[in-house]
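Working notes, structure below.
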Amino acid sequence: MTNIPCSECQTVLDILKKNPACLASCSYGSDLQTPSYIVMHNNEQSTYSPMGCLVAHTILTALEAQAMSRYFEQPIYRLMIAYEPSIGSSMPSEKLWQALAIGAFLHDIGKLVDEYVERKSSFGRYKRVRHHYVSAIICKKALDYLLNLDYLSLVISYAVLFHHEAIDWKSLEQDFLHYSYLQKVFGTDDSAYYTVNPQRLELFEQNCALLLQQFQRSNLVDDTCQHLLQQALKQAIGILLQNERRTLSLREELQVSVAQESRYFAPAAAVYRFIFFADNRAASARRIYWRKTLNSIKWDYPEEVAESVFQAFRNQRYYIGLSVISEIPSKRL
């Protein structure tokens, strides 16, 4: 088999038992690279390395979401009905599954903007953009178009917005009654402005489509899911292009005035949990996390190994159980 550029792509290969279909057009290491995460060096914003593959991470997250949906779909649906009784008659549970799948699939779509990939704007200056701000807004617009259910679109987009701000579920849980967390998210820095490289977007869309088709042919993604996610991707890419160089206000785009209402926030917190798990289980394919953690263990001091392992893995990012996606069901149950 051909050399695989990164550990996330290697995980895709391990699942498929063959080279990923996108390998021939892979841009790893080029100016059009679509990294899944950025490593800063010495805490200097000007010194960084793009790492991983956003195409692989996006597909792996979709697979995790598919595997987990049977555990989350009905509880979240019942929670929505409890807080918004009209949902029971106006929205079939199938719509929720579609929204959950789209939300997980698009949760990192904001990582395609120049300000994330290149750490600068089109004007050449350093510019940091909160990619989850962009992701939440784009996801909301895409869901509005695809499902035409404003309540559901807002709940999912809030969950996408939350998925990076509250790494540890407990911090969100503790803020539930006081809403200080929401005040933080919808604070003074509540807008997003970005530029995009059309070639990067085209490459990302093309490679995601290739992988989705490959997983569908391997019976790892069903026909309905593949079609839905390709539709969502096409719509999201178009929305990214349409809103380039516009100042997008979270207060306006995500209707912040209703965010603190329990009928929105409670289901959004549950959906956040779903996306958080899917995202981080997929991210466990990034071996750099494990390498750095293992290197921090005091292996030369046997009496301190147990304590150093405990300290290393009590870090918030290891709160969840990571699977490296060892088992994927062939069909959604």
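The values are calculated or read from the model by the stated rules, or taken from the named source; none is laboratory data. As the structure is a prediction and not an experimental result, all values here were calculated from the model. Counting neighbours? That spans all protein chains shown, and the Cβs are built from the backbone with ideal geometry, glycine included.
State yes or no: is residue 297 in contact with a helix residue (DSSP H, G or I) (Cβ under 8 Å, 6 or more places away or on another chain), closer than 19 Å to residue 158 by Cβ and surrounded by 14 or more Cβ atoms within 10 Å (Cβ to Cβ)? Even if it seems obvious, please write down each step before you answer.
Numbers: in contact with a helix residue (DSSP H, G or I) (Cβ under 8 Å, 6 or more places away or on another chain): yes; closer than 19 Å to residue 158 by Cβ: no; surrounded by 14 or more Cβ atoms within 10 Å (Cβ to Cβ): yes.
Spelling it out, it is not the case that residue 297 is in contact with a helix residue (DSSP H, G or I) (Cβ under 8 Å, 6 or more places away or on another chain), closer than 19 Å to residue 158 by Cβ and surrounded by 14 or more Cβ atoms within 10 Å (Cβ to Cβ).
Given the residues 248, 240, which is the only one that is surrounded by 20 or more Cβ atoms within 10 Å (Cβ to Cβ), closer than 20 Å to residue 143 by Cα, in contact (Cβ under 8 Å) with a residue 40 or more places away in the chain and out of contact with any Lys or Arg (no Cβ under 6 Å at 6 or more places or on another chain)? Walk me through it before giving the result.
Values: 248 fails: surrounded by 20 or more Cβ atoms within 10 Å (Cβ to Cβ).
Sole residue among the options that is surrounded by 20 or more Cβ atoms within 10 Å (Cβ to Cβ), closer than 20 Å to residue 143 by Cα, in contact (Cβ under 8 Å) with a residue 40 or more places away in the chain and out of contact with any Lys or Arg (no Cβ under 6 Å at 6 or more places or on another chain): 240.
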Hits in region 255-289 (condition: surrounded by fewer than 17 Cβ atoms within 10 Å (Cβ to Cβ), among the polar types (S, T, N, Q) and not in a helix (DSSP H, G or I)): 255, 260
Which numbered condition residue 283 fails, given (1) under 19 Å from residue 35 (Cα atoms); (2) modelled with pLDDT of 85 or more: (2)
Can you confirm whether residue 212 is in contact (Cβ under 8 Å) with a residue 60 or more places away in the chain, under 29 Å from residue 64 (Cβ atoms) and of a type outside the set (S, T, N, Q)? yes
Could you tell me whether residue 77 is at pLDDT below 90 and not small (Gly, Ala, Ser)? no
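Looking only at region 81-102, how many residues end up being surrounded by fewer than 14 Cβ atoms within 10 Å (Cβ to Cβ) and closer than 15 Å to residue 227 by Cβ?
Just the residues of region 81-102 that are surrounded by fewer than 14 Cβ atoms within 10 Å (Cβ to Cβ), to begin with: 85-86, 89-90, 92, 94.
Next, only the ones that are closer than 15 Å to residue 227 by Cβ stay: 94.
Looking only at that region, the number is 1.
Does region 248-262 include one or more residues that are acidic (Asp, Glu), in contact with a Ser or Thr (Cβ under 8 Å, 6 or more places away or on another chain) and at pLDDT 90 or above?
Keep residues of region 248-262 that are acidic (Asp, Glu), which gives 252-253, 261.
Then keep just the ones that are in contact with a Ser or Thr (Cβ under 8 Å, 6 or more places away or on another chain); that gives none.
Checked region 248-262: no residue is acidic (Asp, Glu), in contact with a Ser or Thr (Cβ under 8 Å, 6 or more places away or on another chain) and at pLDDT 90 or above.
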Return only the number of the condition from (1) assigned to a loop (DSSP other than H, G, I, E, B); (2) among the hydroxyl-bearing types (Ser, Thr, Tyr); (3) modelled with pLDDT of 90 or more that residue 188 does not satisfy. (3)
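Would you confirm, using the coordinates I've provided, whether residue 312 is closer than 30 Å to residue 133 by Cα and either modelled with pLDDT of 85 or more or in a helix (DSSP H, G or I) (or both)? Don't jump to the end; show me each part of the working.
Details: closer than 30 Å to residue 133 by Cα: yes; either modelled with pLDDT of 85 or more or in a helix (DSSP H, G or I) (or both): yes.
Yes.
Rundown of residues vs (1) outside any helix (DSSP H, G or I); (2) buried (at least 16 other Cβ atoms within 10 Å of the Cβ); (3) at pLDDT below 90; (4) not β-branched (Val, Ile, Thr), yes/no style:
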site: 45; (1), (2), (3), (4): yes, no, yes, yes
site: 50; (1), (2), (3), (4): yes, yes, yes, yes
site: 58; (1), (2), (3), (4): no, yes, no, no
site: 69; (1), (2), (3), (4): no, yes, yes, yes
site: 72; (1), (2), (3), (4): no, yes, no, yes
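Could you tell me whether any residue of region 237-247 is of a type in the set (A, V, I, L, M, F, W, C) and within 30 Å of residue 17 (Cβ to Cβ)? So that I can check it myself, show each step before the final result.
Start the filter on region 237-247 by keeping residues that are of a type in the set (A, V, I, L, M, F, W, C), which leaves 237, 239-241.
Retained after the next criterion (residues that are within 30 Å of residue 17 (Cβ to Cβ)): 237.
Among the residues of region 237-247, at least one is of a type in the set (A, V, I, L, M, F, W, C) and within 30 Å of residue 17 (Cβ to Cβ), which makes the answer yes.
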Can you tell me which residue in region 102-137 is modelled with the lowest pLDDT, limited to those that are among the aliphatic types (A, V, I, L, M) and either more than 19 Å from residue 249 (Cβ to Cβ) or out of contact with any helix residue (DSSP H, G or I) (no Cβ under 8 Å at 6 or more places or on another chain) (or both)? 117
Residue tally, condition surrounded by 19 or more Cβ atoms within 10 Å (Cβ to Cβ) and either touching a strand residue (DSSP E or B) at 6+ places or on another chain (Cβ under 9 Å) or polar (S, T, N, Q) (or both), over region 203-225: 2
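Among the candidates 241, 322, 233, single out the residue that is in contact with a Pro (Cβ under 8 Å, 6 or more places away or on another chain) and either at pLDDT below 75 or part of a helix (DSSP H, G or I) (or both).
Numbers: 322 fails: in contact with a Pro (Cβ under 8 Å, 6 or more places away or on another chain); 233 fails: in contact with a Pro (Cβ under 8 Å, 6 or more places away or on another chain).
None of the others qualify; the one that does is 241.
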